[in-house]
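The values are calculated or read from the model by the stated rules, or taken from the named source; none is laboratory data. Since we're looking at a predicted model, the values are computed, not measured. Methodologically, a virtual Cβ is constructed for each residue, glycine included, from the backbone with ideal geometry; neighbour enumeration extends over all protein chains shown. Calculation scope for accessible area: heavy atoms of the full protein, side chains included, ligands and nucleic acids excluded. Shrake-Rupley method; radii C 1.70, N 1.55, O 1.52, S 1.80 Å.
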Amino acid sequence: MKADPANVRPPIAMLAELTHRCPLSCPYCSNPLELARQETELDTETWADVFRQAADLGVLQLHLSGGEPASRRDLEPLVTAARDAGLYTNLITSGIGLTERRLRALDAAGLDHIQLSLQGTTAQMADMIGGYRGGFDRKMKVAEWIGAVGFPLTLNAVLHRQNLHQLPRAIEMAVEMGARRIEVATVQFHGWALRNRDAMMPTREQAREADAIVAEARARLKGVLVIDYVPADYHSDYPKRCMGGWGSTGLVVAPDGQVMPCHAASTIPHLTFDNMRDTSLAETWYRGGAFQAYRGTDWMQEPCASCERKTVDFGGCRCQAMALLGDPAATDPVCIKSPHRAELTAQADAHAVAGSDLVYRVMPRDKVSEPAD
Amino acid sequence: MEPGEIPYLPRGVRLHHDRVRDTWVLLAPERAVSLDMVGHAVLSEIDGARSFGEITRALAARYDASPDQIAADASGFLRALRDRRFLEVQA
């Protein structure tokens with residue numbers, strides 16, 4: 001497969017990181033280590049133009065994310081702009097910053113779907129992980145309002161060693177809330193999460209147990225609750241097909257307008273990113289250097305280059321290869337064919353038994369805006 | 001799918017013409033399902049008022065096919081959508 005722009009198909013999904021501001025301080029935060037400051041965020045009109053360009057390019061699904069997207073006071077007009085552009089519009093939120101009034105306004109603006117994150121199934125666990133007291137109770141209130149408005153809901157349970165035992169309850173809660181879908185996502189160790197591997201790495205036994213819980217629940221809840229499952233990465237045999245293949249189906253726009261093939265791509269030092277402020281989305285998608293860098297299979301080294309799975313998982317995650325091996329073109333070390341796999345397994349087992357305090361993602365508090373009501 | 005069941009697309013699931021790829025898709029929470037002509041024909045008939053039996057008879061008449069064959073083809077497709085919760089039925 002060549003990275004010739006003529007062979008590149010249009011993207012299907014766009015993740016719009018509206019802001020990096022967030023009231024929570026989750027130890028597995030997936031935003032880059034260097035956060036975009038509020039004053040560099042794209043304004044409402046520029047985002048509206050990004051949405052129109054995305055729809056013209058072929059994007060169907062828009063995910064409004066952050067940070068906490070509700071920290072943007074213009075979230076409602078942004079949803080209107082996204083729907084006017086013809087995009088299926090999904091809000092990915094912790095619920096903090098949403099009120100019943102705002103949810104009604106988002107309904108009127110045409111919001112299609114909400115994905116609500118779950119840090120734990122008890123206030124004690126959720127508030128400890130999110131680093132935000134009262135967050136869980138508020139989230140439960142928000143879930144009630146979401147149900148009252150009638151938004152389709154996905155619950156997104158982020159799991160790791162400290163809360164994996166709560167998985168059965170998380171699935172029950174999704175059913176109780178009337179969610180049609182739950183994402184059971186074992187923490188991916190990128191960015192900030194890398195420094196919390198000792199505190200959060202699941203044990204192999206936990207990973208196996210989670211596999212079994214998910215398999216049982218999928219059978220029992222067929223037609224009631226769809227369960228999408230991201231298993232524990234370091235305990236898998238093959239790597240994740242990250243982003244469905246680099247530059248193949250999805251793209252990310254950062255709060256300051258940088259356009260990236262994945263939300264962690266800024267961890268790869270040699271990449272430079274086009275910005276919506278000065279380059280069209282089509283130009284960036286079809287010809288941008290960061291998108292061309294790992295598109296297709298021409299960039300691969302061995303063992304990927306001759307592997308029969310090379311178009312199945314595309315060598316796994318480039319950012320993980322960078323973070324763990326220092327080479328973004330290496331085979332993801334999660335792969336059992338990687339020469340570094342034995343070392344990774346030993347590391348994972350060591351992290352899983354190491355005791356350590358959580359290192360929270362501390363945010364600059366003064367700029368975080370909350371609605372007045 | 002029973003002939004008396006009335007299928008409908010729940011909130012958050014809608015047919016959409018993809019003007020860039022010139023094809024019809026079913027948009028659902030965090031999914032876009034590409035539709036072939038048969039899939040689009042079946043979903044276009046679903047209005048939340050008519051039963052599956054009425055829909056298959058209408059399609060059979062339009063495409064000059066047997067209602068049983070249409071029902072067999074459509075049933076598997078709609079079953080898969082129900083399993084994903086992209087389609088609901090009124091009893």
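Pairs under 7 Å by beta carbon, first residue free of Cβ contacts under 8 Å to residues at least 24 places away in the same chain and closer than 27 Å to A:ASP112 by Cβ in the range A:126-149, partner among the aromatic types (Phe, Trp, Tyr) and part of a helix (DSSP H, G or I), six or more apart or different chains?
Going by the 7 Å Cβ cut-off, the qualifying pairs are A:ALA126/A:PHE136.
If the requirement is being within 14 Å of another protein chain (Cβ to nearest Cβ), touching a Gly at 6+ places or on another chain (Cβ under 8 Å), among the aliphatic types (A, V, I, L, M) and within 18 Å of A:ALA13 (Cβ to Cβ), which of these qualifies: B:VAL20, B:VAL13?
Values: B:VAL13 fails: touching a Gly at 6+ places or on another chain (Cβ under 8 Å).
Checking each option against the conditions leaves just B:VAL20.
State the number of residues belonging to the range A:199-214 that are more than 23 Å from the chain's Cα centre (by Cα) and not basic (Lys, Arg).
The total comes to 3.
With respect to the numbered conditions (1) out of contact with any helix residue (DSSP H, G or I) (no Cβ under 9 Å at 6 or more places or on another chain); (2) over 30 Å from A:GLN53 (Cβ atoms), which one is the sole condition not fulfilled by A:LYS222?
All conditions pass for A:LYS222, except number (1).
Filtering the range A:9-40 down to residues that are open to solvent by 20 Å² or more (accessible area, probe 1.4 Å) and within 14 Å of another protein chain (Cβ to nearest Cβ), which residue is nearest to the chain's Cα centre (by Cα)?
Ranking the candidates gives A:LEU15 first.
Can you tell me which condition A:LEU87 does not meet? The list is (1) of a type in the set (A, V, I, L, M); (2) open to solvent by 10 Å² or more (accessible area, probe 1.4 Å); (3) within 17 Å of B:PRO29 (Cβ to Cβ), and all the others hold.
(2)
If only one of A:ALA354, A:ALA329, A:ALA342 is small (Gly, Ala, Ser), open to solvent by less than 60 Å² (accessible area, probe 1.4 Å) and farther than 30 Å from A:PRO23 by Cα, which one is it? Explain how you work it out, then say what you get.
Numbers: A:ALA354 fails: farther than 30 Å from A:PRO23 by Cα; A:ALA342 fails: open to solvent by less than 60 Å² (accessible area, probe 1.4 Å).
Result of the check over A:ALA354, A:ALA329, A:ALA342: A:ALA329.
If you go through the range A:269-287 one residue at a time, do you hit one that is under 16 Å from A:ALA330 (Cα atoms) and within 18 Å of the chain's Cα centre (by Cα)? Step through it out loud before you land on a result.
From the range A:269-287, those under 16 Å from A:ALA330 (Cα atoms) are A:269-271; that's our starting set.
Now drop any that are not within 18 Å of the chain's Cα centre (by Cα), which leaves none.
The answer is no; no qualifying residue exists.
From the residues in the range B:35-81 that are touching a residue at least 24 places away in the same chain (Cβ under 8 Å) and among the basic types (Lys, Arg), which one is farthest from the other protein chains (Cβ to nearest Cβ)? Give the derivation first.
So the first thing to find is which residues in the range B:35-81 are touching a residue at least 24 places away in the same chain (Cβ under 8 Å), and the list is B:38-40, B:42-44, B:46-53, B:55-56, B:71, B:73-75, B:77-79, B:81.
From what is left, the residues that are among the basic types (Lys, Arg) are B:50, B:79.
Details: B:ARG50: 22, B:ARG79: 9 Å.
Within the range B:35-81, the match that is farthest from the other protein chains (Cβ to nearest Cβ) is B:ARG50.
Out of A:LEU62, A:LEU57, report the one residue that is over 19 Å from B:PRO29 (Cα atoms) and within 12 Å of chain B (Cβ to nearest Cβ).
Details: A:LEU62 fails: over 19 Å from B:PRO29 (Cα atoms).
The conditions single out A:LEU57.
For the range A:41-54, what are the residues that are more than 11 Å from every other protein chain (Cβ to nearest Cβ) and either under 16 Å from A:THR89 (Cβ atoms) or in a helix (DSSP H, G or I) (or both)? Talk me through it step by step, then tell me what you get.
To start, the set of residues in the range A:41-54 that are more than 11 Å from every other protein chain (Cβ to nearest Cβ) comprises A:41-53.
A:THR44, A:GLU45, A:THR46, A:TRP47, A:ALA48, A:ASP49, A:VAL50, A:PHE51, A:ARG52, A:GLN53, listed by residue number.
In the range A:83-100, is there at least one residue being closer than 21 Å to A:TRP192 by Cβ, in a helix (DSSP H, G or I), at pLDDT 95 or above and not hydroxyl-bearing (Ser, Thr, Tyr)?
Taking every residue of the range A:83-100 in turn, none turns out to be closer than 21 Å to A:TRP192 by Cβ, in a helix (DSSP H, G or I), at pLDDT 95 or above and not hydroxyl-bearing (Ser, Thr, Tyr).
For the range A:103-179, give me every one of the helices (runs of 4 or more DSSP H) that falls completely inside it and has 3 or more residues that are within 14 Å of another protein chain (Cβ to nearest Cβ) and surrounded by fewer than 19 Cβ atoms within 10 Å (Cβ to Cβ).
Values: elements: A:123-130, A:135-149, A:167-177.
Output list reads A:135-149.
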